[in-house]
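The structure under discussion appears below in the form of structure tokens.
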Amino acid sequence: MEPMTNEKPILKVLRDKQISHGKVPWWMMRQAGRYLPEYREIRAQAGGFLDLVYNPEQACEVTLQPLRRYGMDAAILFSDILVIPHALGQEVGFVQGEGPKLGVLDISKLNYARYHQTLAPVYETVSRIKAGMAEEGFDQTALIGFCGAPWTVACYMIEGGGSKSFEKARYMAYQEEESFYELMDLLVEASTQYLLEQIKAGAEVIQIFDSWAGLLDEDGFRKFVIRPTRQIIQTLKTEYPDIPVIGFSRGAGSMYLPYVQETGVDGVSIDPSVSTSWAARVLQPYCVVQGNLDPVRLLAGGDSLVLCVEKILSDLREGSFIFNLGHGVIKETNPETITFLKSLLS
Ligand code: 1CP
């Protein structure tokens, strides 16, 4: 296919594997969030976190906020990975300052009775963002839809909240493989439907967040990271072959290469522990690489930031590359440091 001349920079890289001579396309994971005073203001008006997620007007507003300040090359839908268990009927709450809290998991009780009804406001948010971007002149900005990968979502569903090591989830994956596969299959189906609806509503790129991929051993990684991710992507590609998919299998280490080769991702988002010269040599021949500034470098600012950004650029910009952080923006980050970061990318 002939590359479209006025295609958005991120789509050019992801679809045509074009190298971006000059300006490197960029966006930041968690670019909408508490480091921005305008986000905190809307957040305070919204009530609970899920109230914000399910309010299309406010969720659209907070998605657009970072674009107005920094003009990133992509917007990411404001939502959360835990809306899937919530829509399947598990209790999900967000306690201020403590993070997510989920009710006890009973797989036999999860169901689709209110699934799309619960998620309908999120689909509406996607179409509002699309319209809002057009209205405000962000015609070179791509809209990213997302979900959590089945393994990472299962971690929260089983553990009942955040954890450093998710031992209960790993125990279930290794010890009760059959019921764990059942949960994976359910989450593959639910995530696929969720993503298809986001694409219908206007999402132009999909990112799958597997933030806890690095906790599994090799056998677990193949079964519960690679397999379900491949299944989701296969269905998406059957229906929408031109929608690129980026996978973020945080902490995958030596499993990044099989992840890239076997899941069908168009791009891989690498965490800060990955050597950028290794990624250029080993991963870039297979797919677009996205990453991988340590968010703490952005918090620190100064020379520590400049040197790391320069190293990332010099190692990766000769191949197909999207600049991003290796994980989400930290809430104490100074918004002005991001303006400075942007100046380093041109
Ligand atoms: O009160 C608040 O403002 C809550 C903070 C917050 C925000 C801003 C949460 C709760 N979720 C979000 C939004 C969010 N979450 C986005 C929005 C788009 C953007 O990036 O700008 C995205 C993509 C996510 C994805 C997400 N949620 C992930 C995967 C990415 C990652 O950071 O590893 C995970 C693991 C979650 C779970 C979650 N939701 C919220 C928190 C604090 C957490 C992490 C809990 C933990 O394990 O400690």
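The rows are residues; the columns are (1) away from the ligand (no atom under 14 Å from the Cβ); (2) modelled with pLDDT under 95.
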| residue | (1), (2) |
| --- | --- |
| 51 | no, no |
| 62 | no, no |
| 69 | no, no |
| 74 | no, no |
| 80 | no, no |
| 93 | no, no |
| 97 | no, yes |
| 106 | yes, no |
| 110 | yes, no |
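Are there any pairs, at least 6 apart or on different chains, whose C-beta atoms fall under 7 Å, with the first in segment 24-37 and near the ligand (Cβ under 6 Å from one of its atoms) and of a type in the set (Lys, Arg) and the second in a loop (DSSP other than H, G, I, E, B) and at pLDDT 95 or above, and if so, which?
Partner pairs satisfying both residue conditions: 30/328; 30/329; 34/331.
So residue 53 clears everything in (1) in contact with a strand residue (DSSP E or B) (Cβ under 8 Å, 6 or more places away or on another chain); (2) of a type outside the set (Ser, Thr, Tyr); (3) crowded, with 21+ Cβ neighbours inside 10 Å except one condition, right? Which one?
For residue 53, the exception is condition (1).
Restricting to segment 38-48, name every residue that is within 18 Å of residue 330 (Cβ to Cβ) and either within 12 Å of the ligand (Cβ to nearest atom) or touching an Asp or Glu at 6+ places or on another chain (Cβ under 6 Å) (or both).
39, 40, 43
So in segment 224-253, with the set limited to residues that are in contact with a helix residue (DSSP H, G or I) (Cβ under 8 Å, 6 or more places away or on another chain) and either acidic (Asp, Glu) or without any contact (Cβ under 8 Å) to a residue 24 or more places away in the chain (or both), which one is surrounded by the fewest Cβ atoms within 10 Å (Cβ to Cβ)?
Once the filter is applied, the top-ranked residue is 242.
Filter segment 37-51 down to the residues that are within 19 Å of the chain's Cα centre (by Cα) and of a type outside the set (Phe, Trp, Tyr) and list them by number.
Selection gives 50 alone.
Just to verify a result, which residue in segment 149-199, among those that are under 18 Å from residue 222 (Cβ atoms) and touching a strand residue (DSSP E or B) at 6+ places or on another chain (Cβ under 8 Å), is nearest to the ligand (Cβ to nearest atom)?
Among those residues, the one meeting the criterion is 152.
The values are calculated or read from the model by the stated rules, or taken from the named source; none is laboratory data. Keep in mind it's a predicted model, so treat the numbers as computed, not measured. Every residue, glycine among them, receives a Cβ derived from its backbone with ideal geometry; neighbour counts consider all protein chains shown.
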